[in-house]
Amino acid sequence: MARLLTFRRGGVHPPEKKSLSRGEPISRCPDPETLIIPFAHHLGAPAKPLVSPGDEVKPGDKIGESAGFISAHVHTPMGGKVKEIRSVYLPAGFASPAAVIEADPGSSWSGTDMGEDACASMDPKEMISRVQEAGIVGMGGAAFPAHVKFMIPKGKQAEYLIINGVECEPYLNADNRLMIERTDDVLSGAMYIQKMIGAREVIIGIESNKPESLQAMTQAVSSRRLPLTVRSLKVRYPQGDEKQLIEALLKREVPSGGLPIDIGAVVSNVGTALAVYEALRMGKPLMERVLTISGEAASDPKNVLVKVGTPISHVIEHAGGFSSPPDKVVIGGPMMGFSIYDLSTPVMKGTSGILALTKHQVNQASRTPCISCGRCVQACPMGLNPTKLYKLIDHGNYDEAKQRFLLDCKECGCCSYICVAKIPLVQGMRWGKLMLRKKQS
Amino acid sequence: MLMNVFYAFLSIALLGALLGIGLAVASLKLSVKKDKRISSVEESLPGINCGACGYAGCAAYAEAIVDNAEELTLCSPGGKDTAEALARIMGQEIDFSAIKQVALVHCWGNEETRSSDFRYEGIEDCNAAFIYFSGADTCKYGCLALGSCIRICPVSAITKREDGRIHVDRNICIACEKCVEVCPTKVMQMVPHDSDWYVACNSPDKGAMVRKYCSVGCIGCRICEKKFEDGGFKVDNNLASAQYDRQYSQREGAAEACPPKSIRMIE
């Protein structure tokens with residue numbers, strides 16, 4: 001067997017914990033009575049609300065209009081009455097206005113498949129505008145608006161389209177299940193994206209701990225004779241980050257402060273490819289997603305299709321509640337996810353998992369001084385020096401931290417994970433970035 | 001033998017004399033003309049290089065005064081005396097109507113008075129804590145008491161009291177406003193040095209909501225504004241604030257009447 005591909009620098013290998021929900025087929029989460037749909041799903045400008053309290057909405061209605069360049073439309077997955085627009089805290093820790101909708105039971109969006117031919121006749125520009133209209137964002141977690149990514153800036157050329165099926169976060173199986181159960185749709189979506197950006201080559205990257213996905217994808221590609229390559233990757237975190245994935249597959253490095261397109265690559269998640277497929281074939285807006293509910297304190301770990309705006313508590317209830325009182329409930333994966341305190345927090349477009357973790361998993365050891373062991377330096381996939389950056393930020397020396405590439409940190413959590421002194425390094429990086437933003441304004 | 005010593009002595013003496021003359025010529029030829037006032041202005045400044053004036057230190061401020069006609073009242077630690085001294089040197093008149101300001105925490109909440117949403121175990125710093133849900137307290141406007149202001153204060157005027165509240169010593173405060181800038185909840189605000197009573201709350205939430213999460217928060221009941229004509233309080237956006245334009249006679253009465261006792265004497 002050939003040596004598996006992986007990225008060059010840093011990285012960690014936390015316990016995978018995928019087996020908890022690996023074999024669970026995607027089931028539909030029952031509809032909630034109340035939807036809380038935030039207008040901000042990503043950094044950048046939140047969408048401008050198009051509804052006001054008292055308005056009636058139909059399933060699939062656009063309720064938020066993108067405001068600004070890095071911004072995406074927001075749609076409601078169910079019909080009902082808008083009760084209020086209020087501010088809610090999102091898992092990432094910041095507040096956003098959100099529409100609270102009293103949902104009509106049983107109302108859900110329906111559309112008809114326009115077939116392959118209708119899509120084949122569309123030109124790339126029209127396809128991108130349809131993606132934009134559907135409010136599609138990157139489904140990997142950061143929820144970056146997809147149409148912005150697919151519009152290749154002048155003077156740049158997308159040589160490669162990389163479909164990201166890595167899912168390197170422990171516990172999560174949402175993308176894995178999508179690749180097994182919706183193989184053909186994901187592949188069709190990938191081909192549409194290739195057409196939009198004009199990429200020469202399409203590569204699907206999947207970590208070797210998902211043999212069923214690898215097999216399903218390889219089989220479908222060869223039986224449909226698609227011009228795609230499926231590559232198996234060594235299991236290593238954070239390979240699912242686009243910069244690491246590009247490095248693993250293309251042996252190219254995204255320059256500091258740059259974007260993948262600068263080196264001719266566009267990376268899209270398998271969930272995004274599916275959303276693109278559904279938007280182009282059926283005109284379906286992005287208003288539901290597959291996520292994994294797992295963790296040692298979850299009584300019935302499973303993969304569920306959830307409507308955006310569903311309260312987390314409702315999803316947990318559907319999965320049989322907690323088997324033991326959780327010490328932390330984490331939204332997203334355990335490495336990059338955020339722990340929340342309010343279970344009425346809604347599921348967002350970028351929510352890939354809900355994890356109920358016990359005290360044992362959280363491992364709340366008390367913090368001790370840095371012993372300068374250098375493990376964080378070794379683990380950082382961006383080649384930064386986390387301990388030095390932390391000390392600079394702690395001493396208020398934000399400018400020097402910036403000179404040492406603080407802004408290249410993407411908060412993957414490798415340094416905090418590996419730190420023997422249990423120093424909250426990632427929080428330190430976020431703190432430093434906040435102070436830099438504060439200084440600029 | 002003796003001659004050798006003599007030659008050595010002579011050559012060193014000659015060399016010394018030559019270099020000395022060279023230096024003397026250089027100091028005359030290459031001297032930079034510096035305004036004499038700069039050094040005297042610098043001497044009049046306190047010399048603690050706090051940066052409150054906006055310059056890198058006292059020397060930089062002194063240069064700016066002389067070279068760029070910068071304002072003379074920017075030095076907060078020096079206060080009136082320094083400004084007067086600078087005015088004498090520069091031959092200017094200055095207006096002293098502006099009163100010295102001091103920083104004040106507009107919050108009387110602590111663990112006992114208010115509720116929190118979760119247990120915060122991260123970095124001990126207000127801004128670092130503010131990243132996550134604007135802090136663990138249910139009130140999103142109060143003092144997080146994690147000491148960002150304490151660490152940034154150049155004169156150590158700010159301390160944490162035993163009851164967990166943050167206290168600014170107004171006799172030490174030099175009004176550099178660094179704590180005001182760093183405070184994420186904007187609960188640190190400037191008030192005149194000689195003010196007596198203040199409203200120790202920063203929450204614009206409705207009264208019913210404030211009551212739920214804090215026992216000493218202003219509920220916006222307007223008793224201070226309506227019942228005490230000469231109290232000098234104004235309620236705006238569910239939050240009372242004290243006015244400091246002049247002396248008011250009914251402040252103490254209003255403080256006693258305030259239901260949650262949000263109106264407090266400055267300590």
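The values are calculated or read from the model by the stated rules, or taken from the named source; none is laboratory data. Everything numeric in this text was worked out from a predicted model, so none of it was measured. FYI the Cβ positions are ideal-geometry reconstructions off the backbone, even for glycines, and counts take in every protein chain you see. Keep in mind that these areas ignore ligands, DNA and RNA; they rest on the heavy atoms of the full protein, side chains included. Shrake-Rupley method; radii C 1.70, N 1.55, O 1.52, S 1.80 Å.
Scanning region B:122-142 finds no residues that are open to solvent by 60 Å² or more (accessible area, probe 1.4 Å), away from chain A (no Cβ under 14 Å) and of a type outside the set (Gly, Ala, Ser).
For region A:32-45, a residue qualifies if it is within 20 Å of A:Ala92 (Cα to Cα) and open to solvent by less than 60 Å² (accessible area, probe 1.4 Å), and the qualifying residues are A:Leu35, A:Ile36, A:Ile37, A:Pro38, A:Phe39, A:Ala40, A:His41, A:His42, A:Gly44, A:Ala45. Taken over region A:366-413, the criterion of being of a type in the set (Val, Ile, Thr) and more than 19 Å from A:Gln239 (Cα to Cα) is satisfied by A:Thr368, A:Ile371, A:Thr387, A:Ile393.
Look at region A:26-43: where a residue is closer than 13 Å to A:Val74 by Cα and a partner is among the charged types (D, E, K, R) and open to solvent by less than 40 Å² (accessible area, probe 1.4 Å), sitting 6+ places away or on another chain with Cβ atoms under 6 Å, you get A:His41/A:Lys349.
Within the set A:Pro53, A:Pro14, the sole residue that is over 20 Å from the mean Cα position of the chain (by Cα) and either outside the structural domain of A:Cys415 (by TED's automatic domain parsing) or surrounded by 21 or more Cβ atoms within 10 Å (Cβ to Cβ) (or both) turns out to be A:Pro53.
Note on region A:310-323: residues that are out of contact with any Asp or Glu (no Cβ under 6 Å at 6 or more places or on another chain), open to solvent by less than 40 Å² (accessible area, probe 1.4 Å) and in a loop (DSSP other than H, G, I, E, B) amount to 2. The residues listed here are A:Gln194, A:Gln219, A:Gln215, A:Gln157; of these, the one that is modelled with pLDDT under 95 and among the polar types (S, T, N, Q) is A:Gln157.
Taking helices (runs of 4 or more DSSP H) as the structural unit, those lying wholly within region A:97-155 and holding at least 1 residues that are surrounded by 13 or more Cβ atoms within 10 Å (Cβ to Cβ) and under 22 Å from the mean Cα position of the chain (by Cα) correspond to A:124-133, A:146-150. Of all the criteria given as (1) more than 10 Å from every other protein chain (Cβ to nearest Cβ); (2) over 20 Å from the mean Cα position of the chain (by Cα); (3) open to solvent by 40 Å² or more (accessible area, probe 1.4 Å), the one not satisfied by A:Glu411 is (2).
If you go through region B:12-43 and pick out every residue that is more than 30 Å from B:Ala87 (Cβ to Cβ) and open to solvent by 60 Å² or more (accessible area, probe 1.4 Å), you end up with 12. Sort through A:Lys83, A:Lys149, A:Lys154 and tell me the only one that's out of contact with any Gly (no Cβ under 9 Å at 6 or more places or on another chain) and either in contact (Cβ under 8 Å) with a residue 12 or more places away in the chain or not aliphatic (A, V, I, L, M) (or both). Step by step, each of A:Lys83, A:Lys149, A:Lys154 is checked, and only A:Lys154 is out of contact with any Gly (no Cβ under 9 Å at 6 or more places or on another chain) and either in contact (Cβ under 8 Å) with a residue 12 or more places away in the chain or not aliphatic (A, V, I, L, M) (or both).
Among residues that are under 23 Å from A:Ala379 (Cα atoms), modelled with pLDDT under 95 and under 18 Å from the mean Cα position of the chain (by Cα), A:Leu259 is included.
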